[in-house]
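Just so you know, all these numbers are worked out from the coordinates, no wet-lab data involved. Here the structure is a predicted model, which is why all the values come from computation and not from measurement. Here the Cβ positions follow ideal geometry from the backbone for every residue, glycine too, while neighbour counts run over all protein chains shown.
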Amino acid sequence: MSCLECHKKLNSEAVEKWEKSKHGLNNVGCFICHNTMEEFIAHPDSSSCLMCHAEMEPSLNLEVAKEAGCFSCHPAHSLRLH
């Protein structure tokens, strides 16, 4: 069973946002950010983002990123750019 099968019923809004996001459109699955079901991370931090987006680290305002993380500017699941 995939994450989406249950989450479409439990949290359809988050699934819809993800499906329309760059991650959803490029089929970057839930496990990339949230880890495995056995080691699930409900609220991943910026280190999860930097695993794929390491090139962005030099441009980060590290003080803001440490305090609020990537999601202070990029809403979770929709992941819009600013």
Discussion item. Exactly one condition in (1) touching a Pro at 6+ places or on another chain (Cβ under 6 Å); (2) part of a loop (DSSP other than H, G, I, E, B) is false for Phe40; which is it?
Written reply: (1)
Response to the item:
Screening Glu57, Glu38, Glu19 for residues that are loosely packed, with under 10 Cβ neighbours inside 10 Å and either in contact with a helix residue (DSSP H, G or I) (Cβ under 9 Å, 6 or more places away or on another chain) or over 20 Å from Ser72 (Cβ atoms) (or both) leaves only Glu38
